[in-house]
Protein chains: 2
Amino acid sequence: MVLREFAAPLTHGGDLGAARKLFPGAPEPFIDLSTGINPFSYPLPRLEPAAFVRLPEPGAVDRLGAVAAAAYRAPSATHVVAAPGVQILLPMVAALVRPGRAAVLGPTYEEHVRAAALAGHAVREVAHLSDLAGVDLAMVVNPNNPDGRLAGRADLLALADALAPGLLVVDEAFMEATPGDASLAADVSRANVVVLRSFGKFFGLAGLRLGFALAHQDHAARLAAALGPWAVSGPALAIGAAALADADWIAATRVRLAAAARRLDDLLAAAGLERTGGTALFRLVRTSAARAVFERLGHAGIFVRGFADQPTWLRFGLPGDEPAWQRLAAALS
Amino acid sequence: MVLREFAAPLTHGGDLGAARKLFPGAPEPFIDLSTGINPFSYPLPRLEPAAFVRLPEPGAVDRLGAVAAAAYRAPSATHVVAAPGVQILLPMVAALVRPGRAAVLGPTYEEHVRAAALAGHAVREVAHLSDLAGVDLAMVVNPNNPDGRLAGRADLLALADALAPGLLVVDEAFMEATPGDASLAADVSRANVVVLRSFGKFFGLAGLRLGFALAHQDHAARLAAALGPWAVSGPALAIGAAALADADWIAATRVRLAAAARRLDDLLAAAGLERTGGTALFRLVRTSAARAVFERLGHAGIFVRGFADQPTWLRFGLPGDEPAWQRLAAALS
């Protein structure tokens with residue numbers, strides 16, 4: 001990989017340090033609604049010191065892969081590659097294809113364009129699924145962030161057929177919280193389909209750094225070789241294996257997130273902010289008052305996500321407790 | 001990066017699962033002396049749940065970079081890139097140079113050859129520092145693993161001059177435990193010197209996954225772009241910043257490791273195994289009985305490191321407590 005020129009640093013949610021600089025007089029604790037991370041985190045188990053002390057063992061990596069394959073319904077553990085977050089995988093996945101033409105269905109999570117450029121591709125953003133046909137590398141975030149647009153499995157598989165041997169990469173970072181069955185996780189025995197699954201968003205453990213690529217064995221082996229041994233920390237191996245096997249927690253959390261998202265819709269609607277998209281982990285509103293609402297909330301100690309190139313958009317994550325709901329309601333009223 | 005064909009998986013220390021398969025009747029607990037990881041780990045602080053829950057903030061990354069720059073004596077925090085372990089950085093560092101001729105001073109840690117090949121270089125292993133002149137990418141592990149060979153700073157800087165614009169990468173994974181001042185950490189404002197520092201070995205927290213590249217700002221920016229945001233976990237940011245700032249613990253640990261290494265030398269010598277190299281974190285012996293000693297120790301529940309391509313070598317890590325010392329002494333006598 002010869003790194004090409006890279007874009008300036010991108011802006012992401014979750015930076016309360018930046019929020020406190022923007023709104024220095026705001027009441028604390030700051031409420032962070034700027035991400036799409038589940039506020040009802042998976043309960044942290046007691047970790048053995050060995051998880052921090054010892055090099056992660058290959059056997060533990062294999063066990064996590066098996067649990068993840070079952071949880072995501074991938075064809076087998078040999079189709080699963082665990083990484084310290086999906087983010088670090090993006091340039092490696094883009095490099096599975098020789099530098100050529102890449103297209104990203106957008107507007108979406110901006111790191112996909114940057115990663116494809118890093119891997120040497122000429123990248124453009126396109127507006128419709130059908131515009132992805134004919135490229136060497138096609139990236140779809142499904143459901144999309146931030147607008148929640150959901151492509152169906154049949155449409156994506158037809159696109160993969162049309163693209164072959166071009167590669168279709170589907171970032172399913174928010175799929176766990178999405179009803180229905182649009183996931184391509186079961187289809188990655190196809191040579192030109194790669195699925196990315198984030199652990200930290202649905203399980204509310206973004207600081208742990210854990211994510212997965214689901215891919216044909218040849219791709220999986222190349223990604224594992226690029227990551228090298230010990231890519232995933234001992235704590236992530238232990239917590240990831242426990243959480244992904246906890247079907248009861250997963251099912252209950254889907255219900256809980258859906259209820260919280262409905263409550264957020266009602267609260268936004270009551271404030272005259274109608275939802276135009278989103279997933280159960282975040283809601284997108286479009287309003288000409290976006291800038292004013294962003295600032296009003298910020299001065300009230302509530303940080304939401306604005307978008308530099310979409311000045312009418314605001315994305316709201318889910319409040320995590322009753323005081324946060326009350327403060328959001330008060331600030332919006 | 002178009003990944004080239006990669007080597008078969010390499011064998012590394014620390015895999016007690018493999019040890020238990022090799023020696024199924026061995027007494028437990030197995031004693032792992034197969035790595036060069038400090039058995040006297042940095043005391044784990046109480047971690048805030050937020051370290052696991054929230055996305056790591058840019059401010060925390062900046063703070064860790066500043067602490068690491070001071071601890072390693074790098075020119076500034078802008079010369080520091082934190083990663084989830086040095087291992088994942090190796091192909092990225094090798095890719096700072098366009099594919100060309102690479103050479104690794106060996107025999108050494110085998111992942112350097114593999115990483116350079118992954119980055120598209122034609123790689124060979126050479127036996128002498130002077131053999132590295134003239135290549136596009138030169139890799140030196142200093143002090144070397146497993147033989148402890150130490151190159152002096154002046155010789156390395158002369159090599160860097162001779163190599164320019166070729167890149168000299170110095171892996172200082174075991175430098176903290178090494179007396180003297182052979183480190184090139186203070187010299188990375190040079191455009192063609194990159195230093196790699198492992199956190200987990202000296203601090204005994206290999207499962208945490210934390211390591212650093214120290215490099216010219218241009219290289220540092222490219223590595224940071226390849227890693228992307230949130231490369232380092234919340235626990236690693238918190239523990240790394242505390243440990244690297246703890247000068248008292250670092251100084252005391254150097255003394256403690258040196259004493260343990262001398263005790264290990266005495267014990268090995270008493271068993272007729274003379275040390276032929278090593279660092280304060282591991283000792284290398286050369287003996288025609290290497291295979292027999294490996295098996296005798298294995299059956300006694302003590303796992304040391306053999307080398308497939310060096311059948312007379314055995315590497316011993318440090319026992320971590322008195323029972324381990326006693327069992328090692330008994331098994332060797």
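A few comments on the model shown:
- Scope the stretch B:89-125; condition over 27 Å from A:V232 (Cβ atoms) and of a type in the set (A, V, I, L, M, F, W, C); matching residues: B:V97, B:A102, B:A103, B:L105, B:A122
- The stretch B:190-204: number of residues that are surrounded by fewer than 21 Cβ atoms within 10 Å (Cβ to Cβ) and among the hydrophobic types (A, V, I, L, M, F, W, C): 1
- Matching residues, the stretch B:244-279, being within 30 Å of B:V61 (Cβ to Cβ) and in contact with a Ser or Thr (Cβ under 7 Å, 6 or more places away or on another chain): B:T279
- A:V80 fulfils the conditions (1) closer than 27 Å to A:A245 by Cα; (2) within 14 Å of another protein chain (Cβ to nearest Cβ); (3) of a type in the set (V, I, T) except for a single criterion, (2).
- Of B:A74, B:A70, all but one fail to be in contact (Cβ under 8 Å) with a residue 60 or more places away in the chain, under 26 Å from B:L168 (Cα atoms), touching a Leu at 6+ places or on another chain (Cβ under 9 Å) and part of a loop (DSSP other than H, G, I, E, B); the exception is B:A74.
- When restricted to residues that are part of a loop (DSSP other than H, G, I, E, B) and at the interface with chain B (Cβ under 7 Å from one of its Cβ atoms), the stretch A:38-49 contains 2.
- Per-region count, the stretch A:52-77, residues within 7 Å of chain B (Cβ to nearest Cβ) and under 26 Å from B:G240 (Cβ atoms): 7
- You will find that of B:R46, B:R98, the residue that is among the basic types (K, R) and closer than 20 Å to A:A226 by Cα is B:R98 and no other.
- Those residues of the stretch B:17-36 which are within 7 Å of another protein chain (Cβ to nearest Cβ) and either in a loop (DSSP other than H, G, I, E, B) or buried (at least 20 other Cβ atoms within 10 Å of the Cβ) (or both), in sequence order: B:T35
- Residue ranges of helices (runs of 4 or more DSSP H) in the stretch A:90-189 with at least 1 members surrounded by fewer than 16 Cβ atoms within 10 Å (Cβ to Cβ): A:153-163
- For the stretch A:50-67, a residue qualifies if it is part of a helix (DSSP H, G or I) and within 29 Å of B:L223 (Cα to Cα), and the qualifying residues are A:A51, A:F52, A:V53, A:P58, A:A60, A:V61, A:D62, A:L64, A:G65.
- Members of the stretch A:185-213 that are of a type in the set (A, V, I, L, M) and either in contact with a Phe, Trp or Tyr (Cβ under 6 Å, 6 or more places away or on another chain) or more than 15 Å from A:A68 (Cβ to Cβ) (or both): A:A185, A:A191, A:V193, A:L205, A:A206, A:L208, A:L210
- Selection from the stretch A:249-268 of residues that are under 29 Å from B:L208 (Cβ atoms) and more than 19 Å from the chain's Cα centre (by Cα): A:W249
- Here the stretch B:194-211 is the region considered, the condition is being more than 11 Å from the chain's Cα centre (by Cα) and in a strand (DSSP E or B), and the residue that is farthest from the other protein chains (Cβ to nearest Cβ) is B:V195.
- Just one of the listed residues (B:H112, B:H128, B:H121) is within 14 Å of chain A (Cβ to nearest Cβ) and over 19 Å from the mean Cα position of the chain (by Cα), namely B:H121.
- Candidates B:G85, B:G65, B:G106 - the one that is over 15 Å from the mean Cα position of the chain (by Cα) and either over 23 Å from B:K201 (Cα atoms) or among the small types (G, A, S) (or both): B:G65
Every residue, every condition in (1) within 20 Å of the chain's Cα centre (by Cα); (2) among the basic types (K, R); (3) closer than 21 Å to A:F30 by Cα, yes or no:
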{"site": "A:G228", "(1), (2), (3)": "no, no, no"}
{"site": "A:L244", "(1), (2), (3)": "yes, no, no"}
{"site": "A:A247", "(1), (2), (3)": "no, no, no"}
{"site": "A:A270", "(1), (2), (3)": "no, no, no"}
{"site": "A:L273", "(1), (2), (3)": "no, no, no"}
{"site": "A:L281", "(1), (2), (3)": "yes, no, yes"}
{"site": "A:A290", "(1), (2), (3)": "no, no, yes"}
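- Residues considered: A:L168, A:L196, A:L150. Of these, the only one that is over 21 Å from A:P91 (Cβ atoms) and in contact (Cβ under 8 Å) with a residue 12 or more places away in the chain is A:L150.
- Summed over the stretch A:23-39, residues that are in contact (Cβ under 8 Å) with a residue 12 or more places away in the chain and over 29 Å from A:P143 (Cβ atoms) total 6.
Coordinate-derived values only; no laboratory data. This is a predicted model, so every value here is computed, not measured. FYI the Cβ positions are ideal-geometry reconstructions off the backbone, even for glycines, and counts take in every protein chain you see.
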